[in-house]
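The values are calculated or read from the model by the stated rules, or taken from the named source; none is laboratory data. For clarity, every value in this text was computed on a predicted model and none was experimentally measured. Please note: Cβ atoms are built from the backbone with ideal geometry, for glycine as well, and neighbour counts cover all protein chains shown. For accessibility, only protein heavy atoms count, side chains too; no ligands or nucleic acids. Shrake-Rupley method; radii C 1.70, N 1.55, O 1.52, S 1.80 Å.
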Amino acid sequence: MKVYIIRHGETSANKMGVFQGWTDLELNESGVFLAAETGKALKKENIRFDVCYSSPLIRAKETARLVLENSDNDCPVIYDERIKEINNGDYELAKIKGAEGEFKKFVDGWMSEGFSVGRFPNGESAEDVIKRTQEFLFELIKKDYDSVLISTHGAALRAMLNFLYEDKNYFWHTGVPYNCAVSIIESDGEDIRLLEDDKIYYDRKYVVDNYK
């Protein structure tokens with residue numbers, strides 16, 4: 001089985017550089033473009049999906065739809081709560097850039113490492129998201145599919161693949177995945193290996209880091 005795991009396209013919250021979490025916003029114009037371009041590139045590579053699993057949040061659902069439409073993939077889409085983004089609790093929509101005081105300490109800890117800050121107030125921790133996303137993934141690889149698309153989120157993607165990264169103690173690996181970056185894994189039903197790490201299928205001139 002080969003699994004393509006994509007972070008959703010850009011949203012207005014991403015562009016503002018805030019904690020989006022479970023806040024349910026649709027893609028902005030750039031996000032729609034990036035998802036469509038990714039789908040077109042997958043079509044050129046003749047990649048066919050048996051099924052798509054998506055977070056139920058709108059930005060992931062729209063990304064899945066656009067990727068599938070533009071890659072000419074007509075496959076079932078299944079929504080799974082376990083691959084939602086981290087719940088940011090009291091910090092939903094709080095601005096990352098320009099943070100001050102105690103909140104800045106939390107932001108700096110979360111963005112630099114992830115694990116050290118513990119749980120978002122009234123939300124989740126990195127460990128919480130690792131548990132639910134990896135439970136999903138280990139169930140998935142036992143299924144009888146050849147090729148799967150997963151449409152998810154930045155922290156959820158990092159959590160799902162944490163066990164495959166060289167430094168498992170650094171949650172963010174190489175940083176927050178860019179919008180519509182795709183990680184590709186392969187599994188024989190037991191072992192899993194990482195084939196591609198945050199692959200960009202669109203022109204890299206459109207890559208934006210909203211968190212620096």
Sole miss for Asp198 among (1) farther than 22 Å from Lys84 by Cβ; (2) not β-branched (Val, Ile, Thr); (3) not in a helix (DSSP H, G or I) is condition (1)
Only one of Ser151, Ser187 is over 28 Å from Ala13 (Cβ atoms), open to solvent by less than 20 Å² (accessible area, probe 1.4 Å) and in contact with a strand residue (DSSP E or B) (Cβ under 8 Å, 6 or more places away or on another chain), namely Ser187
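Out of all the residues in the stretch 76-90, which are aliphatic (A, V, I, L, M) and open to solvent by less than 50 Å² (accessible area, probe 1.4 Å)? So that I can check it myself, show each step before the final result.
Pass one, the stretch 76-90, residues aliphatic (A, V, I, L, M): 77-78, 83, 86.
Ile83, Ile86 - these are the residues of the stretch 76-90 that are aliphatic (A, V, I, L, M) and open to solvent by less than 50 Å² (accessible area, probe 1.4 Å).
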Cys52 meets each of (1) more than 26 Å from Thr23 (Cα to Cα); (2) touching a helix residue (DSSP H, G or I) at 6+ places or on another chain (Cβ under 7 Å) with one exception, condition (1)
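Return the total of residues in the stretch 98-107 being assigned to a helix (DSSP H, G or I) and open to solvent by less than 70 Å² (accessible area, probe 1.4 Å). Spell out the reasoning first.
Initial filter on the stretch 98-107 (assigned to a helix (DSSP H, G or I)): 101-107.
Remaining after also requiring open to solvent by less than 70 Å² (accessible area, probe 1.4 Å): 101, 103, 106-107.
Result for the stretch 98-107: 4.
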Scanning the stretch 108-140 for residues that are free of Cβ contacts under 8 Å to residues at least 24 places away in the same chain and farther than 17 Å from Arg158 by Cα, the one surrounded by the fewest Cβ atoms within 10 Å (Cβ to Cβ) turns out to be Glu139
Note: among Ile6, Ile47, just one is hydrophobic (A, V, I, L, M, F, W, C) and either more than 17 Å from Glu85 (Cβ to Cβ) or over 16 Å from the mean Cα position of the chain (by Cα) (or both), namely Ile47
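Test of understanding: among Asp144, Asp198, which residue is at pLDDT 95 or above, open to solvent by 10 Å² or more (accessible area, probe 1.4 Å), charged (D, E, K, R) and within 15 Å of the chain's Cα centre (by Cα)?
Asp198
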Phe171 fails exactly one of (1) within 20 Å of Val18 (Cβ to Cβ); (2) modelled with pLDDT of 95 or more; (3) in a helix (DSSP H, G or I); (4) hydrophobic (A, V, I, L, M, F, W, C), namely (3)
Only one of Leu93, Leu66 is of a type in the set (A, V, I, L, M), assigned to a loop (DSSP other than H, G, I, E, B) and open to solvent by 10 Å² or more (accessible area, probe 1.4 Å), namely Leu93
When the stretch 198-209 is checked residue by residue, the ones that are within 20 Å of Glu45 (Cα to Cα) and either among the hydroxyl-bearing types (Ser, Thr, Tyr) or touching a residue at least 24 places away in the same chain (Cβ under 8 Å) (or both) are Asp198, Tyr201, Tyr202, Asp203
Expected single match for within 30 Å of Lys142 (Cα to Cα) and crowded, with 17+ Cβ neighbours inside 10 Å among Leu57, Leu27 is Leu57
